[in-house]
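Participant: Handing you a structure now.
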Amino acid sequence: MKINTDGVLLGALTEADNPQSILDIGTGTGVIALMLAQRFTNANIDAVEIDESAAKTATKNFENSPFADRLNLYTTGFEEYFATHPDRQYDLIVSNPPFYINSLQSPGAKKNLAKHAGDGFFEGLIDGVAAHLTNDGTCWLVLPLATGAIVKDIAVQHGLHLQIQVDIYSFESDEPHREILAFGFNNQPIVIRKFVIYDGPKVYTKEYQETLKGFLTIF
């Protein structure tokens, strides 16, 4: 579970108005939670990770960060977490979730766990989000387009409206390969933006560099 582009873009592009409570579902080694702790200095952040090895790494990363007193790690799946904390509400919920719905399973149990979602996964995720999001809160997800289309339909069924969509392109001339989606209970005009990662092979766009320079030492 190395640091990946999907995760850092979600951590950098997520928007919220001074959130006090944040939940990171499937935190992996904790990168997104750490980025949000850096950006939102008044927020307490709960992070959920089902894989024990990743959770141990996330715990160490949290403890060694300047934000240790605002970060909490739970080694469990989101279903169990929501069931054992039914009254918790969050101003911001984020997730870089498994996204290959009913696809060919990759070898290796950990990779399967991290990257594959079976029947009912996103229904359960969105159901939990809808139950634990504050009235003016938002849920931000990063997904491939096909999975995003499914999640948009599920969100509507749970009273959540798409508010922001950021289409992610590798190159300007490409088709988008990911989208970052923000959902909330407020029904408002959808804001759609375009974000391009590369100007050329291994050459990052100025927008990408500016977006991530506060988090990655290469910039």
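The values are calculated or read from the model by the stated rules, or taken from the named source; none is laboratory data. Computed from a predicted model, the values in this text were never measured in an experiment. Cβ atoms come from the backbone with ideal geometry, glycine included; neighbour counts cover every protein chain shown.
Participant: Quick check on my filter: what residues within region 7-39 are assigned to a loop (DSSP other than H, G, I, E, B) and more than 23 Å from Thr75 (Cα to Cα)?
Facilitator: Thr14, Glu15, Ala16, Asp17, Asn18, Pro19
Participant: Consider region 90-112. How many of its residues are more than 27 Å from Pro19 (Cα to Cα) and either modelled with pLDDT of 50 or more or surrounded by fewer than 16 Cβ atoms within 10 Å (Cβ to Cβ) (or both)?
Facilitator: Selection size over region 90-112: 11.
Participant: Okay, moving on. Any residue at all in region 145-153 that is crowded, with 17+ Cβ neighbours inside 10 Å, closer than 23 Å to Gly28 by Cα and at pLDDT 95 or above?
Facilitator: no
Participant: Applying the selection to region 136-173, what residues are more than 25 Å from Asn4 (Cα to Cα), free of Cβ contacts under 8 Å to residues at least 40 places away in the same chain and among the charged types (D, E, K, R)?
Facilitator: Asp153, the sole residue that qualifies.
Participant: I'd like the residue in region 154-180 that is surrounded by 14 or more Cβ atoms within 10 Å (Cβ to Cβ) and among the β-branched types (Val, Ile, Thr) and, out of all such residues, is farthest from Val129 (Cα to Cα).
Facilitator: The residue in question is Ile168.
Participant: Does at least one position in region 199-214 carry a residue that is under 16 Å from the mean Cα position of the chain (by Cα) and surrounded by fewer than 18 Cβ atoms within 10 Å (Cβ to Cβ)?
Facilitator: Among the residues of region 199-214, not one is under 16 Å from the mean Cα position of the chain (by Cα) and surrounded by fewer than 18 Cβ atoms within 10 Å (Cβ to Cβ), which makes the answer no.
Participant: I would also like to ask the following. Taking only region 36-59 into account, find how many residues are crowded, with 23+ Cβ neighbours inside 10 Å and out of contact with any strand residue (DSSP E or B) (no Cβ under 9 Å at 6 or more places or on another chain).
Facilitator: Within region 36-59, residues that are crowded, with 23+ Cβ neighbours inside 10 Å and out of contact with any strand residue (DSSP E or B) (no Cβ under 9 Å at 6 or more places or on another chain) number 0.
Participant: Let me ask something else about it. State all residues of region 1-28 that are in contact (Cβ under 8 Å) with a residue 60 or more places away in the chain and among the hydroxyl-bearing types (Ser, Thr, Tyr); if no residue qualifies, say none.
Facilitator: Hits for region 1-28 are Thr5, Thr14, Ser21.
Participant: Shifting gears a bit: How many residues are closer than 10 Å to Thr27 by Cα and either of a type in the set (Asp, Glu) or out of contact with any Ser or Thr (no Cβ under 8 Å at 6 or more places or on another chain) (or both) if we restrict to region 51-62?
Facilitator: Here the count works out to 1.
Participant: Let me ask another. May I ask you to list the residues in region 63-97 that are of a type in the set (A, V, I, L, M, F, W, C), part of a helix (DSSP H, G or I) and touching a Ser or Thr at 6+ places or on another chain (Cβ under 9 Å)?
Facilitator: Of all residues in region 63-97, those of a type in the set (A, V, I, L, M, F, W, C) come to 67-68, 71, 73, 78, 82-83, 92-94.
Filter once more, so that each one left must be part of a helix (DSSP H, G or I): 68, 78, 82-83.
The one that is of a type in the set (A, V, I, L, M, F, W, C), part of a helix (DSSP H, G or I) and touching a Ser or Thr at 6+ places or on another chain (Cβ under 9 Å): Phe78.
Participant: Here's another thing I want to ask about it. Answer yes or no: is there a residue in region 120-135 that is over 22 Å from Ile3 (Cβ atoms), surrounded by fewer than 18 Cβ atoms within 10 Å (Cβ to Cβ) and either touching a Lys or Arg at 6+ places or on another chain (Cβ under 7 Å) or at pLDDT below 50 (or both).
Facilitator: No: zero hits.
Participant: Further question on the same structure: Would you confirm whether or not region 29-43 contains a residue that is touching a residue at least 24 places away in the same chain (Cβ under 8 Å) and at positive phi?
Facilitator: Yes, that holds for at least one residue.
Participant: Residues of region 60-89 being among the aliphatic types (A, V, I, L, M) and surrounded by 15 or more Cβ atoms within 10 Å (Cβ to Cβ), which ones?
Facilitator: Those that are among the aliphatic types (A, V, I, L, M) and surrounded by 15 or more Cβ atoms within 10 Å (Cβ to Cβ): Leu71, Leu73.
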